[in-house]
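Student: Submitted below is the structure of interest, expressed as structure tokens.
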Amino acid sequence: MPDYGETINGDRDFERSLTAAAPGGEPGVRAFHGLVVQPARIAGDDGPRDVHVVTGRYVSAGGVVKQRCYVAAIPYRPVRAGGRAEYPSVRDYLDGLEKQGVTYRYAWWNEPRWIVPTWTAGTVLGAGFLLPMLVNYLTYGTIRRPPEEKGIDLSKVRPTKSVAAAAPAVTAAEREGGTVDDSAAGVPPEDLAPLSAAPPPPALVATPLEVAAAEPGEAHTYGAGPEDFYPTERKAPAERKAQPGRR
């Protein structure tokens, strides 16, 4: 078990080191002390099995202190009792040695039923409390964010009633027909914009298109002779005689 230190392989050595005095150590200090019992699961011949790993500081000959561990089966049968006694776990065995000065701590947070709640609570505590406190300390120099300056409170402001809102709605037909009394409506006549009909769109004037006269030119005639692959322009007899290579 590299995570817990060097393993104590002998069952008898483990039980003896619990009550034996540490060689060259202080009075009252056991050879194997500072015990922590941790629940674990290891692979075995018949598949994974639950065990208890007892970790602590082991004082060897010459006073050398090392981190070591012991893997205790469940249930636990101490070899010093000749294999006749059986305890539900090594914790019960260690409880029986309390009068001899053996003490230990149990790592309950490593139990499978507590691993998920413990990690969840730690994540919430770190992300919800510790991280904001760290950000506030780096930003403001204090773990709490200073109070912000209060803005203008508009909750007690009441809107005023405008003249346009108090006046009844007037349609365009009523205004054109003069059926509405502007003075009775409470709207000054100068505030009313006169309604006028929209100006008609300008008429489009189109002039007739003029056809451009074709410019006079020479007339051309095209045709294909027996030796031609595609039609060519037919020349006058005088022009054909002037061309070299033509017969």
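Laboratory data are not the source of any read-out in this text; all were calculated from the coordinates shown. Treat the numbers as computed from the prediction; the structure is a model and nothing was measured. Glycine also receives a Cβ, built like all others from the backbone with ideal geometry; neighbour counts cover every protein chain displayed.
Student: Return SER60, SER89, SER155 ranked ascending by Cβ neighbour count within 10 Å, so the fewest neighbours appear first. Please report the intermediate quantities before stating the final value.
Tutor: On the way: SER60 14, SER89 18, SER155 4.
Lowest to highest Cβ neighbour count: SER155, SER60, SER89.
Student: What trypsin sites (Lys or Arg not before Pro) in segment 70-99 are in a loop by DSSP, with at most 10 other Cβ atoms within 10 Å of the Cβ?
Tutor: Working: sites: ARG80, ARG84, ARG91, LYS99; in loops: ARG84.
Sites meeting the loop and neighbour criteria: ARG84.
Student: Another question, if that's okay. Would you mind getting me the FRET efficiency between ALA21 and THR103? Use the beta-carbon distance for r and R0 = 25 Å, nearest 0.05.
Tutor: On the way: r = 15 Å, r/R0 = 0.62.
In this case the efficiency is close to 0.95.
Student: Using a cut-off of 13 Å between beta-carbons, work out the net charge of the residues near VAL36 (Lys and Arg +1, Asp and Glu -1, VAL36 not included). Walk me through the numbers before you get to the answer.
Tutor: Details: positive: ARG57, ARG68, ARG91, ARG105; negative: ASP3.
Result for the neighbourhood of VAL36: +3.
Student: A further question follows. Let's test this: bin the Cα-Cα distances of segment 6-109 at 10 Å from zero up to the farthest pair and state each bin's percent.
Tutor: The calculated distribution, bin by bin, is 15, 48, 30, 6, 0.
Student: If each residue's Cβ is checked for other Cβ atoms within 10 Å, how do TYR70, TYR104 rank with the fewest at the top?
Tutor: TYR104, TYR70
Student: Then there is this: So which GluC sites (Glu not before Pro) in segment 1-86 end up in coil per DSSP with only 12 or fewer other C-beta atoms within 10 Å? Before the final figure, lay out each step's value.
Tutor: Numbers: sites: GLU6, GLU15, GLU86; in loops: GLU86.
Filter output for segment 1-86: GLU86.
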